[in-house]
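This report refers to the structure that appears directly beneath it.
Each value in this text was obtained by applying a stated rule to the coordinates, not by laboratory testing. Treat the numbers as computed from the prediction; the structure is a model and nothing was measured. Here the Cβ positions follow ideal geometry from the backbone for every residue, glycine too, while neighbour counts run over all protein chains shown.
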Amino acid sequence: MLFEIGNLLHDDVPVSNDEDDNGIIRVVGDCSVKKKYSHIDLAVMVDGVDVDRGASVAGSRGYFMKGPLIFLEYALLQHSMQMLYEKGFTPLYTPFFMRKDVMQEVAQLSQFDEELYKVVGKGTAEDGTVDEKYLIATSEQPIAAFHRGEWLDQNDLPKKYGGTSTCFRQEVGAHGRDTRGIFRVHQFEKVSCIHLY
């Protein structure tokens, strides 16, 4: 039953079943100009992505990022982590795998079927067990487990962590949504932050 209890949300966070009710916090620049190109049009124009070859190698929603887009992605990741560091966040590069028992503590049960990739490996040779792990869907999952089993003294709080990782998602429930380009893909880089009060 404890696994079904979610985190407390800040009062300003909209409660919704999907992303459609997310609010705008601030706008920078003039956003009233209509876009002439989609993200994938721009990526193709600079020869920064190959979705056809990606799909032939990895299946649907697979892609090769290449050329200038790689440098742009690295720059954005570096800039984001640097901003978090300057605000007092400790940078973390998280594991890509989590043990099942740990993932159960930080992920919603519905994620196991619709979002997470299960990886099965060999356990110990002596007992022939199976080593069952899950690929992370976000670096928030391993960061949430960073202090697992520890009691944190109030005097040691707050603790702030910024994590960067490759994220893996099945995106089963997103079939047909935002399928053009490199949205709703199975593998991507992401920066997350967690603040423990």
Note on region 68-89: residues surrounded by 14 or more Cβ atoms within 10 Å (Cβ to Cβ) and not aliphatic (A, V, I, L, M) are Glu73, Ser80, Phe89
Looking at (1) of a type in the set (Gly, Ala, Ser); (2) in a helix (DSSP H, G or I); (3) over 27 Å from His195 (Cβ atoms), can you tell me which one Ser110 breaks? (3)
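Determine whether Ser110 is without any contact (Cβ under 8 Å) to a residue 12 or more places away in the chain, polar (S, T, N, Q) and more than 21 Å from Gln141 (Cα to Cα).
It is false that Ser110 is without any contact (Cβ under 8 Å) to a residue 12 or more places away in the chain, polar (S, T, N, Q) and more than 21 Å from Gln141 (Cα to Cα).
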Of the residues Asp101, Asp113, only one is surrounded by fewer than 17 Cβ atoms within 10 Å (Cβ to Cβ) and closer than 23 Å to Arg184 by Cα; which? Asp113
Just to be sure I understand, how many residues within region 64-96 are under 25 Å from Leu116 (Cα atoms) and in contact with a Lys or Arg (Cβ under 8 Å, 6 or more places away or on another chain)? 1
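Looking for something touching a helix residue (DSSP H, G or I) at 6+ places or on another chain (Cβ under 7 Å), touching a residue at least 60 places away in the same chain (Cβ under 8 Å) and not hydroxyl-bearing (Ser, Thr, Tyr) - is there at least one such residue anywhere in region 71-87?
Within region 71-87, the first condition is being touching a helix residue (DSSP H, G or I) at 6+ places or on another chain (Cβ under 7 Å), and the residues that meet it are none.
No, the conditions are met nowhere in region 71-87.
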